[in-house]
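The values are calculated or read from the model by the stated rules, or taken from the named source; none is laboratory data. Keep in mind that what you see is a predicted model, and the values were worked out from it rather than measured. Virtual Cβ from ideal backbone geometry, glycine too; neighbours counted across all protein chains shown. The accessibility values were calculated without ligands, DNA or RNA, using every heavy atom of the protein model including side chains. Shrake-Rupley method; radii C 1.70, N 1.55, O 1.52, S 1.80 Å.
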Amino acid sequence: MLKTLSSKIALPLCAAMFFFAFSACQVEDEGQFFLNSRLEIKFFGANREAERLCRQEITRFLEEFEQKASAHLEDSEVSKFNKAKAGERVQLSERVYKLFELSMEYYQKTGGAFNHCLYGLSKLWGFMESDGIYGIEELPSQQQVEQLLSYADPSLIELSDGAAVKFHDAVKVDFGAVAKGYALDVCGQIARSYGIKSALFNMAGNVYAIGYKDDGAKFSIGITDPRMIETGEEIFAGVRLADTSISVSGDYERYFLKGGIRYCHIIDPFTGWPVNTGNSVSGIISAIVISQNAAQADAFSTAVMVSGPEEGKRLLEQNGLCGIIITADKKYYVVGDVELFGVKNYERAEWEASFGR
Amino acid sequence: MGSLFRAVKESKPFKKADLLIIPLLMLASALAIFLLSPGGGSYAEIYADGKLVRVMPLDVDAEFVYHFDEGRKNVITVKGGKVSVSYADCADKICTHYPPTDRASSSIICLPHKLVIIVRGGENEYDGVV
């Protein structure tokens, strides 16, 4: 009796314990950078083999996508377009063509608050350095800004048959405000094709959630406190969500200070100045948008950040999106149905009270 | 050949020695779990350009100097159970603004130096941070 018991239980138990011991110490390479951002993937299911293959395919896709879509890389399709002369047809791969198309759609839907033709201005303001070091010695003149602003116009690009043509040499694109979201949409498609039912993808301010957690609950996503240096808190608040994506645009991660003024990487396409500097006073320090479509969430978070609370709210409502808007006076506004919890250090503002018109 | 075959065939599946080996194996497994897993405490993983360069347990106060090129560096400090970047000579120093953290999955990033610090183990009420 004892013998059969040992052979039936003890050996498998030993094997399981050994397996657990070694699997527990597995270190995953989580420090990968794509599109100048860190990608974090979390799977909540149990199919390790599918997850491994999925992770491989996602890495392959992102490497290839970055080679084509990055404005930082000399040989990318985007750089070819940026270097092209007016009237020259630049043949694009399917995904980059899709970026041009989507960006045009979001440009129109946001009334120009999202604009993918800001490469020249971003460079002028010192945000196109591929080494991630931002800043400029001297601020540009208003004349320099206005000159570049006149070519920051997506209607100067024509798309047809998988190619893009510009009407002026100086038209240059940068998909920094939509490419990460779009990439996450593709990552989601890849994961679903491997039968993955529960996962989180996180890429610098964009989270894409597949399904619910393994226990059927919604995911809890923490939103970075845009003024953590003042509040000493990492997290502004949490949001519960499932099977959707969330994107944040803020002035707190890619910026430089000059003369006590914060110049952030988000350029106002109407003034050519970084948001909240010069004549561009939106008052928003962080804009959070929730959408089924990560590319849309990404683009709209930038558009809201540029637009200010009132116009930002209108943009979200017009497009059936919800979100949160955090302003420089440490207040926050909620648009639509957001499951927000645990707000610290910020005061909720009501729309009517602050915009009583 | 024939005798070996017979010996194998006649051998019983379990002998007294086996009964000794099994608890020994279990003990070894338990020990392996204890030694190989990072323990109950949290730790910080330091990645430089995608490569894991250091693991720092958060229950031991310590400092790790990461040398980027041309003498540039980040000082990563573990103090009172939390990790932070206490010094950086990168252009923006945004990594030093991040408050000391022990929150699982929290990441402190220094973009100019392609440095990522991720907290593992311990508790985090959030599944992801955006």
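A:Ile190 - would you say it is touching a Phe, Trp or Tyr at 6+ places or on another chain (Cβ under 7 Å) and β-branched (Val, Ile, Thr)? Yes: the conditions hold for A:Ile190. If you go through segment A:304-321 and keep only what is touching a strand residue (DSSP E or B) at 6+ places or on another chain (Cβ under 6 Å) and closer than 16 Å to A:Gln292 by Cα, you end up with A:Leu316, A:Leu321. For A:Glu137, the criteria (1) under 22 Å from A:Arg89 (Cα atoms); (2) assigned to a loop (DSSP other than H, G, I, E, B) hold in every case but one, which is (1). Against the definition (in a loop (DSSP other than H, G, I, E, B), touching a helix residue (DSSP H, G or I) at 6+ places or on another chain (Cβ under 6 Å), open to solvent by 10 Å² or more (accessible area, probe 1.4 Å) and more than 14 Å from chain B (Cβ to nearest Cβ)), how does A:Asp169 come out, yes or no? No.
Give me a count of the residues in segment B:63-72 that are more than 14 Å from chain A (Cβ to nearest Cβ) and open to solvent by 40 Å² or more (accessible area, probe 1.4 Å). Residues meeting the conditions: 4.
What number of residues within segment B:69-122 are touching a residue at least 24 places away in the same chain (Cβ under 8 Å) and among the acidic types (Asp, Glu)? Count: 1. Scanning segment B:44-59 for residues that are in a strand (DSSP E or B), in contact (Cβ under 8 Å) with a residue 60 or more places away in the chain and facing chain A (nearest Cβ under 8 Å) yields B:Glu45, B:Tyr47, B:Ala48. Look at segment A:264-282: where a residue is free of Cβ contacts under 8 Å to residues at least 60 places away in the same chain and a partner is charged (D, E, K, R) and part of a loop (DSSP other than H, G, I, E, B), sitting 6+ places away or on another chain with Cβ atoms under 6 Å, you get A:Cys264/A:Asp251; A:Val275/A:Asp268; A:Ser280/A:Asp268.
Checked against the criterion of being more than 14 Å from every other protein chain (Cβ to nearest Cβ) and modelled with pLDDT under 95, the candidates A:Glu138, A:Glu158 yield just one match: A:Glu138.
If the condition is being modelled with pLDDT of 90 or more and out of contact with any helix residue (DSSP H, G or I) (no Cβ under 9 Å at 6 or more places or on another chain), then segment A:232-254 contributes A:Ala237, A:Gly238, A:Val239, A:Arg240, A:Leu241, A:Ala242, A:Asp243.
May I ask you to list the residues in segment A:65-84 that are over 18 Å from A:Val178 (Cβ atoms) and either in contact with a Gly (Cβ under 8 Å, 6 or more places away or on another chain) or of a type in the set (Asp, Glu) (or both)? Explain how you work it out, then say what you get.
Step one: of segment A:65-84, the residues over 18 Å from A:Val178 (Cβ atoms) are A:74-75, A:80, A:83-84.
Answer for segment A:65-84, where residues must be over 18 Å from A:Val178 (Cβ atoms) and either in contact with a Gly (Cβ under 8 Å, 6 or more places away or on another chain) or of a type in the set (Asp, Glu) (or both): A:Glu74, A:Asp75.
At least 1 residues being modelled with pLDDT of 65 or more is the threshold, and among the helices (runs of 4 or more DSSP H) wholly inside segment A:1-102 those reaching it are A:48-69, A:77-83.
Wholly within segment A:189-274, which strands (runs of 3 or more DSSP E) include no fewer than the required count, namely at least 3 residues that are open to solvent by less than 20 Å² (accessible area, probe 1.4 Å) and within 10 Å of chain B (Cβ to nearest Cβ)?
Details: elements: A:199-203, A:206-210, A:219-224, A:235-241, A:245-250, A:255-258, A:261-264.
Per the criteria, A:199-203, A:206-210, A:219-224, A:235-241, A:245-250.
Screening A:Met104 against (1) open to solvent by less than 40 Å² (accessible area, probe 1.4 Å); (2) among the hydrophobic types (A, V, I, L, M, F, W, C); (3) over 25 Å from A:Gln143 (Cβ atoms) leaves a single unmet condition, (1). From the residues in segment B:85-125 that are out of contact with any Asp or Glu (no Cβ under 8 Å at 6 or more places or on another chain), at pLDDT 85 or above and farther than 17 Å from B:Ala48 by Cα, which one is nearest to the other protein chains (Cβ to nearest Cβ)? The selected residue is B:His97. Of note, A:Ser307 does not satisfy the criterion of being at negative phi, at pLDDT 95 or above, within 14 Å of the chain's Cα centre (by Cα) and among the hydroxyl-bearing types (Ser, Thr, Tyr). A count restricted to segment A:148-161 and to residues that are touching a residue at least 24 places away in the same chain (Cβ under 8 Å), open to solvent by 20 Å² or more (accessible area, probe 1.4 Å) and not aliphatic (A, V, I, L, M) stands at 2.
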